Amino acid sequence: MFRLQGSKVLAVDMTGDAVKAKNGSMVAYDGQMAFKKMSGGGEGVRGMVTRRLTGEQMTVMEVRGHGTCWFADRASEINLVNLQGDKLYVESSNLLVTDAGLRTGTSFTGLRGASQGNGLFTTTVEGHGQAAIMSDGPAVVLRVTSQYPLTVDPGAYIAHQGNVRQSFQSGVTFRTFLGEGGGEAFQIRFEGDGLVYVQPSERNTIGGDI
């Protein structure tokens, strides 16, 4: 149902079913489509509570109908993720479209979320279906194994999935080596077995000031 047209436009073919998409990301459609605005940041009462705590203003819309709908957002690169009953952890600003059957929620991130200026929670997507996530530049998917843990700059992190544990390492940042860092910062260390999505461009974070 999901297919890329180029690297920055997602086409979704629908036959009466629905998808959930970032509000305002629809750029064109043919056929008969109905759009309904929904609240973002998770479903149910917990989603409402975490949005209040984090000040997150993410909104999503449900698109249902017969035909094809095209989505894009600020010329970002789009990456397709297939979920087979597992859970995807993704920054809310990087989530573009999900199958309506996938469940969305929130997960506590603590120090990592605070360092990125994204609040203390991140978005979760789980179930069986497809999700489209965005990156600033072509994303790289890196494998984490028990033998080879992975360390990531928080500004480049987009998402991860699998049986992966996170920890935080304070100390020298990658930018500090180039003389651009200021103050103590940290990286995210991933251990276990799974995938981590990173982008070749760093979002602004406050990590350098922690």
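The values are calculated or read from the model by the stated rules, or taken from the named source; none is laboratory data. Worth saying up front: this structure is predicted, and the values here are computed from it rather than measured. A quick note on method: Cβ atoms are made from the backbone with ideal geometry, for glycine too, and the neighbour counts reach across all protein chains shown. Ligands, DNA and RNA are excluded from the accessible area calculation, which covers all protein heavy atoms including side chains. Shrake-Rupley method; radii C 1.70, N 1.55, O 1.52, S 1.80 Å.
Considering only protein heavy atoms, with the full assembly of protein chains and a 1.4 angstrom probe, order LYS20, LYS87 by accessible area, largest first.
From most exposed to least exposed: LYS87, LYS20.
Using label points projected 7 Å from each Cα along Cα→Cβ, tell me how many nm separate LEU80 and SER7, to one decimal.
1.6 nm
Could you pull the accessible area for ARG3 with a 1.4 Å probe, rounded to 10 Å²?
It works out to around 100 Å².
What's the extension gain from LYS37 to ASN23 if we count 0.36 nm per residue and subtract their Cα-Cα distance?
Roughly 4.3 nm would be gained on extension.
At a probe radius of 1.4 Å, what is the per-residue accessible area of GLU91, in Å² to the nearest 10?
10 Å²
With every protein chain in place, what's the accessible area of TYR29 (1.4 Å probe, Å², nearest 10)?
110 Å²
Within segment 146-163, what residues put their amide N at less than 16 Å from the label point 7 Å along the Cα-to-Cβ vector of GLN169?
Backbone N within reach: 146-157.
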